[in-house]
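Shown next, in structure tokens, is the structure this report addresses.
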Amino acid sequence: MTYVICAILTAGVVAAICVPLFRRDNALESAIIEETEWDLLQRRKEVLLGNIQDLDFEYKCGKLSKSDYQQVRSEMTAGVAVVLEHIEQLEKSLDLDVLIRRETDSRKIGDKGKNQTLCAACGIKNPPSNKFCSECGARLNRS
């Protein structure tokens, strides 16, 4: 009888430990946010621009000949131009996610208060491109 009770308790403990490991959670917190094409293009642009900076540094250090430097730099700048063109095409499309992301990025990088319009209703600073306050929705007066 004691063995049966120990076996049941052991099985219960093992099940309590293992069930969460194999359960699929569909909650919003556990969802992995997928990278969009815009995210991938932005990362590619950053990598290419970093590579150009590294190339410039190596040329200034004397590790590359002038002809090699010019050839590689022209290829890299052409690659950046293609990526920027794809980004521009995506942003021109009326994809709401892209427009929201562009707006939030511009606010993060932003002018840090420069040329911003103060809302008369709530006192929040808004970017110059806004016609309405981002906080309260009131119409912004442009002076």
| message | Restricting to the range 121-136, give me the number of residues that are within 17 Å of Thr104 (Cα to Cα) and of a type in the set (Gly, Ala, Ser). | response | 2
| query | Under 6 Å by Cβ, and 6 or more places apart or on different chains, what pairs join a residue from the range 30-42 that is within 12 Å of Glu91 (Cβ to Cβ) with one that is at pLDDT 65 or above? | reply | Trp38/Leu90; Leu41/Val83; Leu41/His86; Leu41/Ile87
| remark: Within the range 89-102, of all residues that are within 16 Å of the chain's Cα centre (by Cα) and exposed (fewer than 14 other Cβ atoms within 10 Å of the Cβ), the one modelled with the lowest pLDDT is Leu96
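The values are calculated or read from the model by the stated rules, or taken from the named source; none is laboratory data. Since we're looking at a predicted model, the values are computed, not measured. Don't worry about glycine lacking a Cβ; one is built from the backbone with ideal geometry, like all the others, and counts go over all protein chains shown.
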